[in-house]
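Only one structure is covered here, and it is reproduced in the block below.
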Amino acid sequence: MADLSFSALGAPTSDFHFERTNGGVTVVYVGARPIIASVRVTVRITSARAPWWLIPGVFYGENRPADNDRVFPRFEIGASSAQQHAAMVSDEWHFRADRAATPAVFVWAAPGLGGAAIATSERSSLGPSSIGFEHRDSVAHLHVTYPSKEYPITYYGDSKPRVALEEAHRWKPGESVELPFTVYELDADRHAYAPILRELWVLSARTSRPRPWVSVEQAADLTARGLFEWHYDADPGVLLETVGFDREVSGRDGRRVDRQAMHVGWISGIPWAYAMLRHGVRLDHPDEIAAARKVIGFITSNLSPSGTFWGVWYRDHGWSQSWSTVKNALHSRTLAEATLFLVRALLLEDNEGWESAARSNLDAVVHRQRADGNLGSLHDANTGEVLSWNGASGLTWIAALVEAADRNETYLPAAIRAGEYYSSFVLDEYLCGAPEDVDLAPTSEDGYAAVMAFVALFRATKEPRWIDLARRAADWMLTFRYSYDVAFDEQTLLGRYDFSTRGADNASPSNQHLHAYGLVCTAELFELSEALNDPFYRDRAEETLACFRQFIARENGDFNAYRGMVSERYYQTDCFQSKGMLLTLSHAWSVGVTLLACEQRLAR
């Protein structure tokens with residue numbers, strides 16, 4: 001079904017001799033004069049009438065639904081015009097390898113048919129590598145190019161296409177190089193990527209290990225103080241979403257760049273207040289306990305007219321909707337995550353106001369649940385009407401309903417119905433809709449929500465179907481997780497600090513930077529390993545916690561941050577910023593999710 005070929009770009013292929021080896025190919029330049037060219041390895045798959053692509057962390061199926069309101073690379077059969085390329089729609093895509101969580105590209109020819117994959121390393125002796133694919137006349141081609149090429153455009157994180165990247169090597173007569181790659185055959189199950197990525201992760205461990213700066217206990221103490229000292233504002237009792245490393249930088253209004261806003265969940269709010277409360281209770285820190293109580297109390301005492309939380313608080317105009325462009329919309333994942341961690345906070349403290357708010361949110365969403373189990377993605381803040389049923393953002397409600405099941409007999413049946421509905425997203429290998437700002441595109445955050453949901457259902461019911469879905473969801477989530485260390489120029493910040501990317505997650509195909517949000521399901525990955533008697537998922541969780549025990553500011557001035565601050569973004573490729581840079585803002589969720597994972601780890 002698949003065949004392998006080698007070619008030169010920018011020079012006659014006949015000027016090169018290719019000899020296949022166990023680890024790749026030996027390439028010898030047999031031309032008479034020096035020449036500038038690159039080398040390409042291609043796997044060809046026939047009968048690809050409806051191809052399904054996977055580049056871990058970068059490309060999933062068509063990648064971007066046609067009506068998605070955020071522009072980033074999309075696959076479409078026959079899309080080859082300059083106009084389509086300008087809109088980031090193409091039937092051929094090539095990406096630099098450092099964009100991928102594992103430098104590999106997979107294709108399934110059509111539903112019910114198998115396919116192939118090719119994997120390589122981020123760099124070779126010719127420099128940075130690239131991976132890609134194209135589709136022509138029902139034939140799928142998988143490519144690895146040395147050195148790297150991006151086509152038809154270079155994506156930089158926004159809707160403006162950048163000039164395509166094309167590097168080349170200057171060959172000398174008689175020059176010989178070894179180029180690494182591995183080819184795999186795939187069966188018809190789209191989940192066939194999982195054992196391959198697991199194998200590649202094991203192999204890369206020989207040369208790649210996380211290098212944490214501090215212990216778990218130290219990380220917990222630093223991040224708890226970081227939340228309290230830099231993000232907590234007692235007036236009116238909020239966790240500010242971002243605060244600047246440089247405390248003298250100001251905006252055009254003369255105010256500091258700190259974002260005067262707080263989401264109720266997701267990027268601020270109850271989840272991270274819960275983490276601070278948990279740390280404060282464990283170590284008897286009254287100031288942290290009081291701050292966490294005040295944040296949770298402020299949110300729970302200000303419900304929307306529809307009975308759920310609001311989406312966001314702004315200092316200049318108070319409570320408002322989510323970031324959705326739909327008027328009055330509250331985002332399901334944000335509401336559900338706030339509710340889930342409120343239920344967990346109630347295990348630490350009996351509070352009538354918190355209890356009432358938790359019940360109000362859960363009762364509202366159960367009342368709105370569709371007959372097929374869908375819990376809705378966008379909810380009207382005033383009326384409670386479900387404004388959108390699209391996507392899988394309602395997944396997060398499942399864990400909240402399960403963990404609150406002893407409060408109302410309807411909660412667990414509602415969670416089971418929802419699990420049955422959202423299971424199709426896991427089985428189809430395309431989860432989408434979790435973050436407010438990415439619309440219906442696949443993201444790593446969808447994977448976290450699914451893992452938490454299906455582990456919770458298994459915990460409550462012990463039914464094998466749920467642990468199998470949790471395993472599949474975890475495998476999909478781990479496609480976003482870096483299995484190797486990206487090579488940084490030693491003159492960049494990440495290079496100078498020897499940052500290890502192994503264990504970090506690419507946020508999404510549209511937000512191509514590394515982030516720590518995967519720490520949110522640390523406990524669930526531990527549970528999954530125990531249930532399956534397989535240490536793999538625990539090892540991956542431990543690795544991520546080790547990764548993000550780097551770049552926690554240990555003292556004022558550490559990487560120009562203040563003690564306890566944590567960045568949201570680590571730039572492993574040229575997207576939004578140059579490769580090797582670090583976002584110089586501390587985010588409440590980045591600090592909070594690190595603290596949460598440390599507390600969960602210390603409790604095991």
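The values are calculated or read from the model by the stated rules, or taken from the named source; none is laboratory data. Here the structure is a predicted model, which means the values were calculated and not measured. FYI the Cβ positions are ideal-geometry reconstructions off the backbone, even for glycines, and counts take in every protein chain you see. SASA here: full protein model, heavy atoms, side chains in, ligands and nucleic acids out. Shrake-Rupley method; radii C 1.70, N 1.55, O 1.52, S 1.80 Å.
Taking Glu185 as the residue in question, decide whether it is open to solvent by 60 Å² or more (accessible area, probe 1.4 Å), farther than 30 Å from Ala546 by Cα, of a type in the set (Asp, Glu) and modelled with pLDDT of 95 or more. Yes; evaluated as a whole, the condition is true for this residue. Contact map, segment 94-105: residues that are over 9 Å from Ile131 (Cβ atoms) paired with residues that are of a type in the set (D, E, K, R) and outside any helix (DSSP H, G or I), Cβ distance under 6 Å, separation 6+ or inter-chain. Pairs shown: Asp98/Glu122; Ala101/Arg481.
Check segment 476-484 and report whether any residue there is open to solvent by 10 Å² or more (accessible area, probe 1.4 Å) and over 22 Å from Trp266 (Cα atoms). So that I can check it myself, show each step before the final result.
Here is the first cut: in segment 476-484, the ones open to solvent by 10 Å² or more (accessible area, probe 1.4 Å) are 478, 484.
Going one step further and asking which of them are over 22 Å from Trp266 (Cα atoms), we end up with 484.
Yes, there is a match, as at least one residue in segment 476-484 is open to solvent by 10 Å² or more (accessible area, probe 1.4 Å) and over 22 Å from Trp266 (Cα atoms).
Please indicate, with yes or no, whether at least one residue in segment 129-146 is farther than 19 Å from Asp3 by Cα and free of Cβ contacts under 8 Å to residues at least 60 places away in the same chain. Scanning segment 129-146 turns up at least one residue that is farther than 19 Å from Asp3 by Cα and free of Cβ contacts under 8 Å to residues at least 60 places away in the same chain.
State which residue is most open to solvent (accessible area, probe 1.4 Å) when the search covers only segment 188-215 and only residues that are among the hydroxyl-bearing types (Ser, Thr, Tyr) and assigned to a loop (DSSP other than H, G, I, E, B).
Residues of segment 188-215 among the hydroxyl-bearing types (Ser, Thr, Tyr): 193, 204, 207-208, 215.
Now drop any that are not assigned to a loop (DSSP other than H, G, I, E, B), which leaves 207-208, 215.
Details: Thr207: 125, Ser208: 3, Ser215: 42 Å².
Applying the filter and picking the extreme gives Thr207.
Taking segment 337-373 as the range and being in contact with a Leu (Cβ under 8 Å, 6 or more places away or on another chain) and either outside any helix (DSSP H, G or I) or farther than 14 Å from Gly307 by Cβ (or both) as the test, the residues that pass are Ala345, Leu348, Glu349, Trp354, Glu355, Gln369. Taken over segment 37-77, the residue count meeting the criterion of being on the phi > 0 side of the Ramachandran plot and open to solvent by 50 Å² or more (accessible area, probe 1.4 Å) is 1.
Can you confirm whether Ser80 is open to solvent by 70 Å² or more (accessible area, probe 1.4 Å), more than 22 Å from the chain's Cα centre (by Cα) and not charged (D, E, K, R)? In short, yes. Looking at segment 495-547, which of its residues are farther than 29 Å from Phe576 by Cβ, charged (D, E, K, R) and open to solvent by less than 10 Å² (accessible area, probe 1.4 Å)? Residue satisfying the conditions is Glu524 alone. Here Val386 meets each of (1) touching a helix residue (DSSP H, G or I) at 6+ places or on another chain (Cβ under 7 Å); (2) surrounded by 19 or more Cβ atoms within 10 Å (Cβ to Cβ); (3) within 29 Å of Asp69 (Cα to Cα); (4) touching a residue at least 40 places away in the same chain (Cβ under 8 Å) with one exception, condition (4). Just for segment 437-473: of the residues that are in a helix (DSSP H, G or I), open to solvent by 20 Å² or more (accessible area, probe 1.4 Å) and free of Cβ contacts under 8 Å to residues at least 60 places away in the same chain, which one is nearest to Gly419 (Cα to Cα)? Among those residues, the one meeting the criterion is Arg465.
Screening Asp98 with (1) buried (at least 20 other Cβ atoms within 10 Å of the Cβ); (2) assigned to a strand (DSSP E or B); (3) of a type outside the set (Lys, Arg) gives one miss only, at (2). Would you confirm, using the coordinates I've provided, whether Phe548 is among the aromatic types (Phe, Trp, Tyr) and within 17 Å of the chain's Cα centre (by Cα)? Yes, satisfied.
Of the residues Arg278, Arg256, Arg252, which is open to solvent by 10 Å² or more (accessible area, probe 1.4 Å), closer than 14 Å to Ile296 by Cα and basic (Lys, Arg)? Break it down into steps so the answer makes sense when it comes.
Numbers: Arg256 fails: closer than 14 Å to Ile296 by Cα; Arg252 fails: closer than 14 Å to Ile296 by Cα.
Exactly one of Arg278, Arg256, Arg252 is open to solvent by 10 Å² or more (accessible area, probe 1.4 Å), closer than 14 Å to Ile296 by Cα and basic (Lys, Arg), namely Arg278.
Looking only at segment 392-428, filter to residues that are open to solvent by 10 Å² or more (accessible area, probe 1.4 Å) and not in a helix (DSSP H, G or I); which one of those is farthest from Trp323 (Cα to Cα)? Only one residue fits best here, namely Glu409. Applying the set (1) surrounded by fewer than 18 Cβ atoms within 10 Å (Cβ to Cβ); (2) more than 30 Å from Asn68 (Cβ to Cβ); (3) of a type outside the set (Val, Ile, Thr) to Phe576 leaves exactly one unmet item: (2). Among residues that are surrounded by fewer than 24 Cβ atoms within 10 Å (Cβ to Cβ) and under 21 Å from the mean Cα position of the chain (by Cα), Asp137 is not included. Provide a single number: the residues in segment 275-314 that are in contact (Cβ under 8 Å) with a residue 60 or more places away in the chain and closer than 16 Å to Ala234 by Cα. Qualifying residue count, segment 275-314: 9.
Residues checked against (1) assigned to a strand (DSSP E or B); (2) farther than 25 Å from Ile196 by Cβ; (3) in contact (Cβ under 8 Å) with a residue 12 or more places away in the chain; (4) among the basic types (Lys, Arg):
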| residue | (1), (2), (3), (4) |
| --- | --- |
| Val39 | yes, no, yes, no |
| Thr42 | yes, no, yes, no |
| Ala66 | no, yes, no, no |
| Ile77 | no, yes, yes, no |
